[in-house]
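*Asks:* Sharing a structure below in structure tokens format, with a few things to ask.
The values are calculated or read from the model by the stated rules, or taken from the named source; none is laboratory data. None of these values were measured; they are calculated from a predicted model. As a convention, Cβ positions derive from the backbone with ideal geometry for all residues, glycine included, and neighbour counts pool all protein chains shown. Just the protein is used for accessible areas: all its heavy atoms, side chains included, with ligands, DNA and RNA removed. Shrake-Rupley method; radii C 1.70, N 1.55, O 1.52, S 1.80 Å.
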Amino acid sequence: MSAKKIVAGNWKMNKTLNDGLSLISSVIESDLPSDVLVIFGTPYIHLNEAKKLVGNKPNIGIAAQNCHHEDKGAYTGEISIEMLKSIGIEFVIVGHSERRQYFGETDQLVGIKVKKCLDNAITPIYCCGESLEIRESGNHISFVLNQLQESLGDLSNDEIQKVVIAYEPIWAIGTGKTASPEEAQEIHAAIRNHLSSSFNPSIANNISILYGGSCNAKNANTLFTKPDVDGGLIGGASLIAEDFLKIINSY
Ligand code: PEP
């Protein structure tokens, strides 16, 4: 077996409900490759309708962009895993760099959220990635492996194989500056080697490692042909059906 191919969109704070649903309809009504899992990461208030729209269509999933780490309580404005589960959500994007940067999420907190997802049979799409400063210092690999260790290091073999990893260099997110396929491959291979030694090689080979950061309809193919790049987490280009479809068909 090898890792599942995945193309996941992260809409961030974009799209009204109607615009979002028509984007999903355009994508799922197209001819999609049967071996690619397509995920729509919508704003919270779209999730219920989005899930109803896709139903149980094979290889289509809906993701929340975040969740709270506590089960319930006085956390005004927050959404719990149980709430997501109650409307059939199967994926949560956890630890996106924007959550880390603007909402102070630490590796430890992100690790708690990952565990909370797994305990509730929801697949976390765990995001990691270095800043430009760290990339330029040449310490990007050790930085990212340390993020992984801090957030995922305590998971069991059974748990880690249910995690999707998204490597997203912060300097590439929303900047139009994509990592080269070689840069992506270098760090994806390092992540897989790390998983292989922390858990085991067969588990590592089956974990999907996605690339994110200005991945678009033009460059997706060169990234996805790299052996350790199993797909993409797509921001801007997931907001346009035609572009997102081209990315889905880029393998
Ligand atoms: C993201 O935010 O997850 C992302 C990859 O954004 P973009 O594709 O717009 O760089």
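*Asks:* Considering only residues that are open to solvent by less than 20 Å² (accessible area, probe 1.4 Å) and away from the ligand (no atom under 16 Å from the Cβ), look in region 156-189 and name the one that is nearest to the chain's Cα centre (by Cα).
*Replies:* Our first condition is that a residue be open to solvent by less than 20 Å² (accessible area, probe 1.4 Å); within region 156-189, this holds for 160, 163-169, 172, 179, 184, 187-188.
Filter once more, keeping what is away from the ligand (no atom under 16 Å from the Cβ): 160, 163.
On the way: Ile160: 15, Val163: 10 Å.
Going through the qualifying residues, I end up with Val163.
*Asks:* When you check Asn193 against the structure, is it touching a residue at least 60 places away in the same chain (Cβ under 8 Å) and not hydroxyl-bearing (Ser, Thr, Tyr), yes or no?
*Replies:* no
*Asks:* Can you pull out the residues in region 119-144 that are surrounded by fewer than 19 Cβ atoms within 10 Å (Cβ to Cβ) and in contact (Cβ under 8 Å) with a residue 40 or more places away in the chain?
*Replies:* If the condition is that a residue be surrounded by fewer than 19 Cβ atoms within 10 Å (Cβ to Cβ) and in contact (Cβ under 8 Å) with a residue 40 or more places away in the chain, then Ser131, Ile141 are the ones that fit.
*Asks:* While we're looking at this one, here's another question. Could you tell me whether region 53-68 includes any residue that is farther than 26 Å from Thr225 by Cβ, over 18 Å from the mean Cα position of the chain (by Cα) and of a type in the set (A, V, I, L, M, F, W, C)?
*Replies:* Checked against the condition, which is being farther than 26 Å from Thr225 by Cβ, over 18 Å from the mean Cα position of the chain (by Cα) and of a type in the set (A, V, I, L, M, F, W, C), region 53-68 yields at least one hit.
*Asks:* Select from region 32-48 the residues that are closer than 17 Å to Ala217 by Cα and in contact with a helix residue (DSSP H, G or I) (Cβ under 9 Å, 6 or more places away or on another chain) and write down the one among them that is surrounded by the fewest Cβ atoms within 10 Å (Cβ to Cβ).
*Replies:* So the residue we want is Pro33.
Matching residues to (1) away from the ligand (no atom under 11 Å from the Cβ); (2) open to solvent by less than 10 Å² (accessible area, probe 1.4 Å); (3) in contact (Cβ under 8 Å) with a residue 60 or more places away in the chain; (4) under 22 Å from Gln65 (Cα atoms):
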position	(1), (2), (3), (4)
Asn205	yes, no, yes, no
Gly212	no, yes, yes, yes
Asn216	no, no, no, yes
Val229	yes, yes, no, yes
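*Asks:* Oh, and also: Determine which member of the set Lys57, Lys5, Lys51, Lys85 is away from the ligand (no atom under 15 Å from the Cβ) and in contact with a helix residue (DSSP H, G or I) (Cβ under 7 Å, 6 or more places away or on another chain).
*Replies:* Values: Lys5 fails: in contact with a helix residue (DSSP H, G or I) (Cβ under 7 Å, 6 or more places away or on another chain); Lys51 fails: in contact with a helix residue (DSSP H, G or I) (Cβ under 7 Å, 6 or more places away or on another chain); Lys85 fails: in contact with a helix residue (DSSP H, G or I) (Cβ under 7 Å, 6 or more places away or on another chain).
Answer to the check: Lys57.
*Asks:* Within region 25-43, identify whether any single residue is part of a loop (DSSP other than H, G, I, E, B), over 20 Å from the mean Cα position of the chain (by Cα) and among the aliphatic types (A, V, I, L, M), and answer yes or no.
*Replies:* For region 25-43, residues part of a loop (DSSP other than H, G, I, E, B), over 20 Å from the mean Cα position of the chain (by Cα) and among the aliphatic types (A, V, I, L, M): absent.
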